[in-house]
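Structure record follows, encoded as structure tokens.
The values are calculated or read from the model by the stated rules, or taken from the named source; none is laboratory data. Predicted, not measured: the structure shown is a model, and the values here were computed from it. FYI the Cβ positions are ideal-geometry reconstructions off the backbone, even for glycines, and counts take in every protein chain you see. Accessible surface areas use protein heavy atoms only, side chains included; no ligands, DNA or RNA. Shrake-Rupley method; radii C 1.70, N 1.55, O 1.52, S 1.80 Å.
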Amino acid sequence: MPKILWVAPFSLHDTSSGAAINCRYMLKGLARLGYEVWACSTFVFNTQSGAQQAFGDLEQQIYHSANNVFVFDEDNIHYVYPKVMQTSELSMTLAECQLFFNTYRQILSEFQPDLVMGYGVSPLAQTCFAEAKAQQLATVYVVSNGTYGNYLFPNIDLIVTDSHATAQLYAERDEINMVPVGAFFDVKDITAPQHEPRFVTMINPSEHKGVSIFAKLAQVCQQELPQVQFLTVSSGRPITEVLGLLHEKGKPQVHPFHPSDFKNLHMVDLQEDMRPIYAITSVLVAPSLWFEPWGRCASEAIFNNIPVIAANSGGLSEAMAGGGVLLDTPQHCQEDYLSLPDDEEIRPWVESLKFFLEHTSDSDSAELLSTAQQRLSQENALGRLITALTPLITRSQQKRALRTQPQLNLNALSDHQLAQVPDVHF
């Protein structure tokens, strides 16, 4: 079977990074189908909570260890993690970068991959892709956000992304072609076995994710739906630190909210296992104010038969696959993430929430969610990915076969025969 090497100076085990989660499940899917997969990553994370959930106390297990490279197998993937002493990519020393690159070159020699995949725009990541191309290997870059418009993707044969929306953004804005393949999940890891829904939930209540919409919705519902409870799951700072920064539309100095005002609002930190959260969620709200390449939590909700109320932003429509409703967000909120929608602008969100709370158990809703799950089928996503990768893998294998064939000896005569060749005079 084909051999695939993943390389990126970011941990694939980062539970706070949607990109890392998606790519790890992508590699797990390929490994499940028989592909031989190795991954060269390191201990760089988006947040400390992502690091803690992945490996526990890094100071005890990694920093104080005499090992410079950590090797382990998981889910049929062979992981190689060179050591770093900080969880930030910008804090990597020259010696750590050199260790990573030398380890990567050693893997190239030992593993002999057919394809190198990864992401990262740092000089270290670029050097790894350049080395792969120097060894005549096919290269694939995985794009998981819409912010690489100024990156030229040197030494990359193919760029894959999750949504058609992201591919269209790069095509129209930057004239860069990408192949949309979908997002990757292991459904059993995200679906709760039992459900007792009682919360309207938002994952990652940060400014760009639309916390202003969610806060206004919760505030209005204290009067109109006093029995409904709201829940946030924070991967960064908690919602209580953001509420006081929100301001009225057109009045940046007027901050109407205080955490103590929200008796219907609860919060928990980032969860390593999200199934207990989905088990108690009745409706998921994803009101992103920026371009959302996919929206992983929306798909996870669909797999748990939870309807989604989402912003009409980027790939969120593909992530929810018809299992809910898309709503426009106010332009002033998109331009200023801390600007609160007014009473009229929040009304569609309130009415949509009322509808789903009243019709969650209807047969029409169940059929809608079942159809959405079929659209998000992992067999479909893996099929699209393999279709895109196969020509590159075949090309690398053919080049390797040519390199290993015996080369013609241009000096085919023996020394004795050469001695018999007469001199030629001009």
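Brief remarks on what is shown
- Residue match in the stretch 290-300 (condition: in contact with a Gly (Cβ under 7 Å, 6 or more places away or on another chain), open to solvent by less than 50 Å² (accessible area, probe 1.4 Å) and at positive phi): yes
- Enumeration of residues in the stretch 295-312 that are assigned to a loop (DSSP other than H, G, I, E, B) and modelled with pLDDT of 95 or more: N304, N305, I306, P307, N312
- Just one of the listed residues (K188, K133) is at pLDDT 95 or above and open to solvent by 10 Å² or more (accessible area, probe 1.4 Å), and it is K133.
- For the stretch 237-251, the condition of being in contact with a Pro (Cβ under 7 Å, 6 or more places away or on another chain), part of a loop (DSSP other than H, G, I, E, B) and open to solvent by less than 30 Å² (accessible area, probe 1.4 Å) holds for at least one residue.
- C128 fulfils the conditions (1) in a loop (DSSP other than H, G, I, E, B); (2) of a type outside the set (S, T, Y); (3) in contact with a strand residue (DSSP E or B) (Cβ under 6 Å, 6 or more places away or on another chain) except for a single criterion, (1).
- Residue in the stretch 162-171 that is open to solvent by less than 50 Å² (accessible area, probe 1.4 Å), hydroxyl-bearing (S, T, Y) and not in a helix (DSSP H, G or I) present: yes
- Counted as qualifying within the stretch 320-393 are the helices (runs of 4 or more DSSP H) with 1 or more residues that are surrounded by fewer than 18 Cβ atoms within 10 Å (Cβ to Cβ) and touching a Gly at 6+ places or on another chain (Cβ under 9 Å), namely 331-335, 363-375.
- Restricting attention to the stretch 191-203, the residues that are touching a strand residue (DSSP E or B) at 6+ places or on another chain (Cβ under 7 Å) and surrounded by 15 or more Cβ atoms within 10 Å (Cβ to Cβ) add up to 6.
- Tally of residues being open to solvent by less than 30 Å² (accessible area, probe 1.4 Å) and either closer than 21 Å to M274 by Cβ or assigned to a loop (DSSP other than H, G, I, E, B) (or both) across the stretch 26-53: 12
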